[in-house]
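Peer 1: Please find one structure pasted underneath; my questions will follow.
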Amino acid sequence: MTVQSKSTTRPSSVTTGPIAGSRKIYTSPEGRPDIRVPFREIALDPSAKEEPYWAYDCSGVYTDPSVTIDLEAGLPPIRREWLAKRGFDRLVPREIKPEDNGNIGADKLVPLCPADLPVYGARPGQMVTQYEFARAGIITEEMIYVAHRENMGRNQMIPGAEERVADGESFGAEIPAFITPEFVRSEI
């Protein structure tokens, strides 16, 4: 892992690189190669004689050794096509006002990202939030992503594990053995 120096006025660097003892992997839901869900495969001690453990990986591209990090360009637009299908209008953003940043002095402000990142807006009545899509019965790519992520390891579950969990207190939760995008939609 590489730790780079920080500037007081511009975040010119971040911690990047692989995390020791693990590797970043991506999987996709069946039939959806356009949705890549990141996981971290963590190697266990050889004495355990067990397969590596998979965990959520929320580190973004920063720990992916195959990606060149460019802070000037911003993060990769992984949802660009999903948003494009929804037909939002591209807007001209307004200038940042001092009150947006707590009225702090210019010497303490972090400059805006120099990348030309689009700003989108909805037309009147157009659905925007996952809640609005869920209420309309629409399953979004984000819901498919969440379902795939939540099923991590469920298809490799130890036989009998579900019954052992069922013996515990559910506190009213009714989580199916396999999480579907429809289940995610209904829970929103």
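Peer 1: Please go through the stretch 169-188 and give me each residue that is loosely packed, with under 15 Cβ neighbours inside 10 Å and either at pLDDT below 80 or part of a loop (DSSP other than H, G, I, E, B) (or both), ordered by number.
Peer 2: Correct list: 169, 170, 171, 172, 173, 174, 175, 176, 177, 178.
Peer 1: Residues in the stretch 58-71: is at least one surrounded by 11 or more Cβ atoms within 10 Å (Cβ to Cβ), aromatic (Phe, Trp, Tyr), within 18 Å of the chain's Cα centre (by Cα) and modelled with pLDDT of 90 or more?
Peer 2: For the stretch 58-71, residues surrounded by 11 or more Cβ atoms within 10 Å (Cβ to Cβ), aromatic (Phe, Trp, Tyr), within 18 Å of the chain's Cα centre (by Cα) and modelled with pLDDT of 90 or more: present.
Peer 1: Let me ask something else. Determine the pairs where a residue that is closer than 16 Å to residue 60 by Cβ and assigned to a loop (DSSP other than H, G, I, E, B), located within the stretch 1-25, has a partner that is modelled with pLDDT of 55 or more and basic (Lys, Arg) with Cβ atoms under 8 Å apart, the partner being 6 or more residues away or on another chain.
Peer 2: 18/24; 19/40
Peer 1: Which members of the stretch 102-122 meet the condition of being over 26 Å from the mean Cα position of the chain (by Cα) and of a type outside the set (A, V, I, L, M)?
Peer 2: Residues of the stretch 102-122 over 26 Å from the mean Cα position of the chain (by Cα): 102-109.
Selection gives 102, 103, 105, 107, 108.
Peer 1: Within the stretch 113-121, does at least one residue satisfy the condition of being touching a Gly at 6+ places or on another chain (Cβ under 7 Å), of a type in the set (Gly, Ala, Ser) and closer than 30 Å to residue 22 by Cβ?
Peer 2: Narrowing the stretch 113-121 to residues touching a Gly at 6+ places or on another chain (Cβ under 7 Å): 113, 115, 117.
Next, only the ones that are of a type in the set (Gly, Ala, Ser) stay: 115.
Of the ones still in play, those that are also closer than 30 Å to residue 22 by Cβ are 115.
There is at least one residue in the stretch 113-121 that is touching a Gly at 6+ places or on another chain (Cβ under 7 Å), of a type in the set (Gly, Ala, Ser) and closer than 30 Å to residue 22 by Cβ.
Peer 1: Looking at 95, 81, 72, which one is assigned to a loop (DSSP other than H, G, I, E, B), within 30 Å of residue 23 (Cα to Cα) and free of Cβ contacts under 8 Å to residues at least 60 places away in the same chain? Don't jump to the end; show me each part of the working.
Peer 2: Details: 95 fails: within 30 Å of residue 23 (Cα to Cα); 81 fails: assigned to a loop (DSSP other than H, G, I, E, B).
Exactly one residue qualifies, and that residue is 72.
Peer 1: May I ask you to verify whether residue 65 is part of a loop (DSSP other than H, G, I, E, B), of a type outside the set (Gly, Ala, Ser) and touching a strand residue (DSSP E or B) at 6+ places or on another chain (Cβ under 8 Å)? Even if it seems obvious, please write down each step before you answer.
Peer 2: On the way: part of a loop (DSSP other than H, G, I, E, B): yes; of a type outside the set (Gly, Ala, Ser): yes; touching a strand residue (DSSP E or B) at 6+ places or on another chain (Cβ under 8 Å): yes.
Yes, satisfied.
Peer 1: I'm trying to understand the selection: among the residues of the stretch 82-134, which are at positive phi and surrounded by 11 or more Cβ atoms within 10 Å (Cβ to Cβ)?
Peer 2: Taking the stretch 82-134 as the starting set, the residues that turn out to be at positive phi are 87, 102-103, 125.
Answer for the stretch 82-134, where residues must be at positive phi and surrounded by 11 or more Cβ atoms within 10 Å (Cβ to Cβ): there is none.
Peer 1: Tally time: how many residues in the stretch 40-62 are outside any strand (DSSP E or B) and touching a Ser or Thr at 6+ places or on another chain (Cβ under 6 Å)? Reasoning before the result, please.
Peer 2: To start, the set of residues in the stretch 40-62 that are outside any strand (DSSP E or B) comprises 43-52, 57-62.
Pick out the ones that are also touching a Ser or Thr at 6+ places or on another chain (Cβ under 6 Å) and you get 62.
Of the residues in that region, 1 qualify.
Peer 1: Please specify each residue of the stretch 105-127 satisfying the condition of being of a type in the set (Gly, Ala, Ser) and outside any loop (DSSP other than H, G, I, E, B).
Peer 2: In the first step, residues of the stretch 105-127 are kept if they are of a type in the set (Gly, Ala, Ser); the result is 105-106, 115, 121-122, 125.
Residues satisfying the conditions are 106, 121.
The values are calculated or read from the model by the stated rules, or taken from the named source; none is laboratory data. Just so we're clear, the structure is a prediction, and the values are computed from it rather than from any experiment. Cβ atoms come from the backbone with ideal geometry, glycine included; neighbour counts cover every protein chain shown.
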